[in-house]
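Before any comments, here is the structure.
The values are calculated or read from the model by the stated rules, or taken from the named source; none is laboratory data. Just so we're clear, the structure is a prediction, and the values are computed from it rather than from any experiment. For neighbour counting, all protein chains shown are included, and Cβ atoms are generated from backbone atoms with ideal geometry for every residue, glycine included.
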Amino acid sequence: MDLPFGRNVIFVSILIAAGFLASAEASPTSNVFDVPVFRRNATSGNSAPLDCTTQFSNDYYGFGVRLGVYFSWLGSYFANLLLPSEISGSLDTNSIFLVALIGSLFNGTHFRQIQQIDALIIMQLSSGFLFSCFSIWGYRTSYYQKEGPKAIKRFGGLGTHCRLILTAAISVYGTWFWWEGLEDGLITSQDPDCQKIFTWFFAYLPVRGGIDKLYIVITIGCSLYYCAMLLAAAFAVIFKLFRVGWKGKLTFETGFSVAEFVTPMCLIMLS
C-alpha cells in the first residue's frame, strides 16, 4: 500500500537524522563536528590531535558495522514502502543486528572492557532501531495503515516476542547506564581530555550536565512499559497453554487509540 507522501518524507528524515546522530565516533578529530569541545585543553602539554577512540571502538561500531546498521534501516523502510511481504524478514534482520549490538554491550560491561563513550555510541545505534524501523506489534508498518487493528494477526509470534525482549533489555540497560554506568559502573578514559563525554540533544551537552536526569526518566518509563508488556506476554503464553495447548491459536482483539500509541513512541524516540 502506498503511504502518504508527507509521511514518507517524515520517515526518511527520521532515518537520515538517526544515521547522522549515531555516526558520531569516539574520535573527535572529525571535520564534520569541528567545535571547541572536540579540541584538547589549552593547558595540556600534549599537542597531538585529540583521539578518544578505544581499542574496541572499531569492533563495536566501526565503519563496516555502522554501514550494515544504516542499510538495515533503509532496507526496512523500502520493504515497508514497496514490498510489504518482506517486512517480516526485515524485522528479523533488525533483530539480528540489535542482538549483536546488545550482546557486545552486555559482554563488555560484564567483563569491564567497555568504556563509557563506547557504551553511549552503541546505545545511540540501538535507539536508532527502536524509534525508526523496529516495530514490535506492527503499528508502524503499512499493514497497520491498510488493515487497522486487524493487522495484529500478522504479528504476535516468536519474532514479536523476541523483539519485545530486545527492546526491554536495551531499555533496562539504558536506565542502568544513565543512573550508574556514568558514575562508576563503566571504565573512564585515561586521557583527562577524553573523560568529559558529550551527547547531542539539539545541541552538544555534557552527559553529566543535567541531560542525564531526563534520560533517566525516559529510560525508566520505557523499562516499566516494555517489562509490563513482557510480563503480559508471558501470562498470555501460560494462558494459551492451559486453554488451547501449544499448537492452538488464540485470537485477541486489540488496537490502540492515538494517545495510547503516541505516548510510548515519543518516549522511545527521545531515548
Ile170 being closer than 20 Å to Ser72 by Cβ, of a type in the set (A, V, I, L, M) and at pLDDT 90 or above
yes
Cβ-Cβ distance below 7 Å, separation of 6 or more or different chains: which pairs start in the range 120-134 with a residue that is of a type in the set (S, T, N, Q) and end on one that is in a helix (DSSP H, G or I) and at pLDDT below 85?
Gln124/Leu21; Gln124/Ala22; Ser132/Ile14; Ser132/Leu15; Ser132/Ala18
Got a number for residues in the range 141-167 being surrounded by fewer than 21 Cβ atoms within 10 Å (Cβ to Cβ), under 26 Å from Ile216 (Cα atoms) and not β-branched (Val, Ile, Thr)?
3
Taking only pairs six or more apart or across chains, which ones have beta-carbon atoms under 8 Å, a first residue in the range 73-93 that is of a type in the set (Phe, Trp, Tyr), and a second residue that is not in a helix (DSSP H, G or I)?
Trp73/Cys133; Tyr77/Cys133
Residue check, Ile117 crowded, with 23+ Cβ neighbours inside 10 Å and more than 14 Å from the chain's Cα centre (by Cα)
yes
For the range 52-84, name all the residues that are within 17 Å of Ser95 (Cβ to Cβ) and either assigned to a loop (DSSP other than H, G, I, E, B) or of a type in the set (Gly, Ala, Ser) (or both).
Gly68, Ser72, Gly75, Ser76, Ala79
Hey, does the range 110-128 have a residue that's basic (Lys, Arg) and farther than 30 Å from Asp51 by Cα?
no
So, Gly138, is that one under 15 Å from Ser76 (Cβ atoms) and surrounded by fewer than 18 Cβ atoms within 10 Å (Cβ to Cβ) or not?
no
